[in-house]
C-alpha cells in the first residue's frame, strides 16, 4: 500500500467500453470451449447460410478421472535390483511401453494412461484403465514378463488327412446330414418348428434359448440363409438343407422389414496442400475455385469423365470416382450427410472433409430387405478342424532369455540408424544356426506374440552380434531397442496398489457434484444480489465469467477432472466472491465518507487489492504443496483450486472493476442510491476514518 | 457502533485455549482412526440387492479362505465395507468368490462397486509427504507474511504477524483434528488422504482470513494518528472487516453446504472437515490472531521498561 499512489487510476469511457466488450468476448469464447456442441450448431448454421466454411470446434468433453468415469488404477513397483543403475530408467521405460501395448491390444483400452514415476530409489509404473471392470484379467495381462521370440519361415505345408481321419470326417458329416433330414421330416409332420429346435439344434445355448431365432439378418450374416429368405414367404420353413460356412441349417422366416437405405454414388475430389493424403501443392482457395468451376460444368452424363480427368483421388482415372454402394457409418460424416440428403441423379457439393473438397453425384439409392429368421443348426467339420492350418512362422528356440542386450547404433559407413543385438553364448549358437539356414530369407522377431520386426538375413552371423536395419528413425530404433531390452531383461513388476471404481458409482458422482456446484453457484449468486444489490449483480456476472473461464481453461489444458477437482472448483466459487466482498465492504465505507460513486469505487478496488493479493497467495502456497504430495485425489483438488484462485483474482479485480465502471457510467448523478447496500452517509464520521481518508503521500 | 473486541478478548482466548487443550487431549487419548491410505491394506466395498449378511458371518467366511483379521462395517442401507491387510489380486478374487458363494442368492445379488488396495510402500510415502507438506506450508506462509508485512515493523516486528497467524492457524487445525479424533473414536470416521487435503486447505484459508484483518490493521498502522493506541487500531480494524469476514464465511459455507447435502456420500467427511476448519478460521482471525497482536505489543513494552529500569 505504501508504494502505490493513492490517486485512483481512471479510465476513459471508451476504454471502459472496449474492456467490457473484451470481457464479453472472453466469456463467449470460454462458453464455446466449454460447450462446443452448441457452438458447433451455430457455426454450421452460419456455414449453411453464408458458405464461409468456418471450421467447427472439436467436440471434446472434459477429461474425466477414473473416479468419475469408472475404471481401474494399478500401481506397480518395478524390481530393478538386478540391473545396472545406468540402465534402470531405460528398462522401466521398456516395461511401460510393454504394458501400454498389452492394455491397448489385449484389453482394447483406447486411452490407457501408463506413467512411470520414481519415488526415492523405487521405480513405479502407474496404469490407469478407464472403463475396464475386469481387474483380474488386466492384472494377469500386465503382470506377465514380456516374451521375445525369434522365428523363421515355416516351409512345411499342412499334412493331408490320414485315411482314418478322412473316414471319421465323412462319418461325422454324414451323421449331421442324417440328423438334419430327420429334423426336416419331423417338422413337416408335426408342424412344430420350436420343438425341433429344442430337440435337434446344435446352436449356441443362447440362440437355442431364443427358440433358434437369429433376429433380423442382412446379406452379410449367413448370406445363404438370407438368399433363401429373400424368396421364401413369411412363416415358411426351408424344404431343403441350407449349407453355411459353419454347418447345415433349416431356416424359418418369421418376418421382414426394410433395412437401412444405402446410397450409390460417385465423387470428384479436389484436395489441397496439407489435406490428408494430398500430394498436390494447390492452396485451399485454388482447390475451392477449381471445384466450383467443375460443379458448374458437371452433369450426370459427363460426371465419370470429369472425375477421370480431374479428381485427385488415387485411381480416379480408372474408377471414375465410383464409390459403389455404401451405408451409414462407412463414410465421413459430412460426406455421408450430403450423400444421403441429395436426390437421386443430383450433383451436390462442394463438401469439405479432411481430404479436400468433394463433388458428389448420387446415382441411386437402394433399400435392401432384412429378414427375421430362426434356424435349426447342425455342426459339420472340415479338414482344417482336424489338422489346423500351418503358421507362416515357426519357433526357433531363440528367445529373449538368450539376448544379452539391444541398443541403438549407427552404421559407421552409411550412417543409417540401426538396432544392434548381442546374444549370450547359447543365443550366439542358436542365432548362428538360424542365420546360416536362412540366408536371403526373412526371420521374424516376436514380442508378446506380435511380430515387431521382420529383417532379412544377408549373411550368416556367427559371433552373436546382429543388427536390425530398416530405415528407422532414431525414435523408432530407440523404441524397438527398449522393447527388445524389456523382453531381454525381464524386469519383474509387483502390484503395490490398486483401485477399482464402477462406472455407475462414477456417474452418480458426476450427477451429484454437478448438482452441488449448480446449487452452490445459485445460492451464492442470490446471496450476493440480495445483500449487495447492484454491485452484487455485477459480481454475479463476474462470477459467471469466472465459471466459464475456469472451466474453459480446464478443458484447454486438458486437466483431468476428478471428484476432488470438482470439489475444489465448487469451493473456489465460494472463495472467488471473497475478493468482491472485500471490495464491496470497502465501497460501502468509502460511500459512507460521502465520496462520489465513481471515486469511491476506484478507491475501494485500490485499497482492497493488497488484501486480495496477500490472502490469495497463502492459499496458493498450500495448493503448491498439495500438488507435490502427488496422489490423484490431492492433485486434482489442488490444481483446480489453484487455477480457480488465479482466475478469481483476475475476474474479481479486472472484470468486476471494469463492469462497475461501465455500469456506473449510466448513473446521471455520481451518487449512490438504494441500489447500493449501506449507501447512507454515516452521520458521525469517526476520527479514525478521517485519518485514513486523508492519507495522501 | 464499535464492538470492543480486544476488551473481552481474554474470555475468548480462554475459550479457544480450552478448546485447543480438549482437542489435544482427544488426539492424545484416542488418536486418529487412520484409513488404508496411510496404513496400507485393502478395502472392498460391497452392495447387496437383498438383506446383507451379519458382519461376523462375513468375517468367518473370509477366515476360511485364509483372509484373517477382516474388519467388516455396514455402510449405507445395503452395503458392507470389508477391510483387510494388503491382499494380492488372487486373494481378493478368492475372498470375493467366497462371499458370493456363501451369501449370494437369486434375489440377493452381490456386487463390488469399488476395491482399493494400498501397499505398504505407497502408504509410507503418503504419510511422509503429508507430514512434510504440512510443515512446509507452515514455513512458507510464515515467510510470506513476514515479507508482506515488512513495511510494518513498529510497534510489532513483521515476523511476529506471521508467527501469530500460524498460532491462529494451529488452533484451527487442532480443533478440526480433535473433532475428527472424537468422531473416529465414537463414530468410526476414518482419516484418509482427503482429510490431509482438507487440513492443508484449512491452513491456507485460515491464514487467508487472518491476513485480511491484519492487512487492515497494517494500513491503519501506516497512517495512524499520534493518539491512537494499538488496541484502538485493532478494534477499529476488526470492526471494519467484520462485515467482510461474515459475508465471506457465509458464501464459502453456502458452497460447502451444497457439497455436503448434494455432493454425494464419498466427499462427506472431506466437506465436514472443511466446514469446521472454515468456521474456526474465521473465528480465530477475529478472536485470537488480532487480540494477540495487542498482547504481544504490551509484553514487548513491559520487557522494554523492565530493561530500562
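The values are calculated or read from the model by the stated rules, or taken from the named source; none is laboratory data. This is a predicted model, so every value here is computed, not measured. Cβ placement follows ideal geometry from the backbone for every residue including glycine, while neighbour counts extend to all protein chains displayed.
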Say we look at segment B:69-103 and pick out the residues that are farther than 24 Å from residue A:73 by Cβ and touching a strand residue (DSSP E or B) at 6+ places or on another chain (Cβ under 8 Å); which of these is nearest to the other protein chains (Cβ to nearest Cβ)?
B:78
Out of the residues in segment A:519-544 meeting the condition of being within 12 Å of chain B (Cβ to nearest Cβ) and out of contact with any helix residue (DSSP H, G or I) (no Cβ under 8 Å at 6 or more places or on another chain), tell me which one is nearest to residue B:259 (Cα to Cα).
A:522
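Out of A:179, A:253, which single residue is touching a helix residue (DSSP H, G or I) at 6+ places or on another chain (Cβ under 9 Å), part of a helix (DSSP H, G or I) and outside the structural domain of residue A:302 (by TED's automatic domain parsing)?
Details: A:253 fails: part of a helix (DSSP H, G or I).
Only one candidate qualifies: A:179.
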All but one of (1) within 11 Å of another protein chain (Cβ to nearest Cβ); (2) at pLDDT 85 or above; (3) under 27 Å from residue B:270 (Cβ atoms) hold for residue A:583; which doesn't?
(3)
Examine segment A:557-566 for a residue that is in contact with a helix residue (DSSP H, G or I) (Cβ under 6 Å, 6 or more places away or on another chain), in a helix (DSSP H, G or I) and within 23 Å of residue B:136 (Cα to Cα), and state whether such a residue exists.
yes
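Can we say residue A:137 is modelled with pLDDT of 80 or more and farther than 27 Å from residue A:384 by Cβ?
Numbers: modelled with pLDDT of 80 or more: no; farther than 27 Å from residue A:384 by Cβ: yes.
Considered against the rule, which asks whether it is modelled with pLDDT of 80 or more and farther than 27 Å from residue A:384 by Cβ, residue A:137 comes out as no.
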Can you find a residue that is part of a helix (DSSP H, G or I), more than 30 Å from residue B:41 (Cβ to Cβ), modelled with pLDDT of 80 or more and touching a helix residue (DSSP H, G or I) at 6+ places or on another chain (Cβ under 9 Å) anywhere in segment A:488-511?
no
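Has segment A:590-604 got at least one residue that is more than 14 Å from every other protein chain (Cβ to nearest Cβ) and free of Cβ contacts under 8 Å to residues at least 40 places away in the same chain? So that I can check it myself, show each step before the final result.
Filtering segment A:590-604 for residues more than 14 Å from every other protein chain (Cβ to nearest Cβ) gives A:594-602.
Going one step further and asking which of them are free of Cβ contacts under 8 Å to residues at least 40 places away in the same chain, we end up with A:595.
Scanning segment A:590-604 turns up at least one residue that is more than 14 Å from every other protein chain (Cβ to nearest Cβ) and free of Cβ contacts under 8 Å to residues at least 40 places away in the same chain.
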How many of the residues in segment B:186-197 are more than 9 Å from chain A (Cβ to nearest Cβ) and touching a helix residue (DSSP H, G or I) at 6+ places or on another chain (Cβ under 8 Å)?
4
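Quick one: is residue A:614 under 26 Å from residue B:197 (Cα atoms), at the interface with another protein chain (Cβ under 7 Å from one of its Cβ atoms), in contact with a helix residue (DSSP H, G or I) (Cβ under 6 Å, 6 or more places away or on another chain) and without any contact (Cβ under 8 Å) to a residue 24 or more places away in the chain? If you could, list the steps in order and put the result at the bottom.
Numbers: under 26 Å from residue B:197 (Cα atoms): yes; at the interface with another protein chain (Cβ under 7 Å from one of its Cβ atoms): yes; in contact with a helix residue (DSSP H, G or I) (Cβ under 6 Å, 6 or more places away or on another chain): yes; without any contact (Cβ under 8 Å) to a residue 24 or more places away in the chain: yes.
Yes, satisfied.
Pick from A:410, A:422, A:402, A:418: which is modelled with pLDDT of 75 or more, under 38 Å from the mean Cα position of the chain (by Cα) and either assigned by TED's automatic domain parsing to the domain that holds residue A:170 or under 22 Å from residue A:98 (Cα atoms) (or both)? Give the derivation first.
Numbers: A:410 fails: either assigned by TED's automatic domain parsing to the domain that holds residue A:170 or under 22 Å from residue A:98 (Cα atoms) (or both); A:422 fails: under 38 Å from the mean Cα position of the chain (by Cα); A:402 fails: under 38 Å from the mean Cα position of the chain (by Cα).
Residue meeting the stated conditions: A:418.
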Looking only at segment A:339-354, which residues are assigned to a loop (DSSP other than H, G, I, E, B) and in contact with a helix residue (DSSP H, G or I) (Cβ under 9 Å, 6 or more places away or on another chain)?
none
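Give segment A:276-301 a look and list any residue that's outside any helix (DSSP H, G or I) and loosely packed, with under 12 Cβ neighbours inside 10 Å, or say none. I'd like the intermediate steps shown before the answer.
Looking only at segment A:276-301, we keep the residues that are outside any helix (DSSP H, G or I), and these are A:276-283, A:298-301.
Of everything in segment A:276-301, those that are outside any helix (DSSP H, G or I) and loosely packed, with under 12 Cβ neighbours inside 10 Å turn out to be A:276, A:279, A:281, A:299, A:301.
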Hits in segment A:406-429 (condition: outside any strand (DSSP E or B) and in contact (Cβ under 8 Å) with a residue 40 or more places away in the chain)
A:411, A:416, A:424
Is segment B:218-232 home to any residue that is under 18 Å from the mean Cα position of the chain (by Cα) and more than 9 Å from chain A (Cβ to nearest Cβ)?
no
Whichever residue in segment A:311-338 is surrounded by 16 or more Cβ atoms within 10 Å (Cβ to Cβ) and touching a helix residue (DSSP H, G or I) at 6+ places or on another chain (Cβ under 6 Å) and, among such residues, is farthest from residue A:260 (Cα to Cα):
A:316
Just a yes or no: is a residue in segment B:111-121 in contact (Cβ under 8 Å) with a residue 24 or more places away in the chain, under 24 Å from the mean Cα position of the chain (by Cα), within 9 Å of chain A (Cβ to nearest Cβ) and farther than 26 Å from residue B:194 by Cα?
no
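Would you point out which residue out of B:273, B:258, B:280, B:289 is within 7 Å of another protein chain (Cβ to nearest Cβ) and in contact with a helix residue (DSSP H, G or I) (Cβ under 7 Å, 6 or more places away or on another chain)?
Working: B:273 fails: within 7 Å of another protein chain (Cβ to nearest Cβ); B:280 fails: within 7 Å of another protein chain (Cβ to nearest Cβ); B:289 fails: within 7 Å of another protein chain (Cβ to nearest Cβ).
Answer to the selection: B:258.
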From the list B:168, B:163, B:187, exactly one residue is at pLDDT 85 or above, surrounded by 24 or more Cβ atoms within 10 Å (Cβ to Cβ) and more than 11 Å from the chain's Cα centre (by Cα). Which is it?
B:168
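Quick check on this structure: which one of B:105, B:98, B:86 is in a loop (DSSP other than H, G, I, E, B) and over 30 Å from the mean Cα position of the chain (by Cα)?
Details: B:98 fails: in a loop (DSSP other than H, G, I, E, B); B:86 fails: over 30 Å from the mean Cα position of the chain (by Cα).
One residue alone meets the criteria, B:105.
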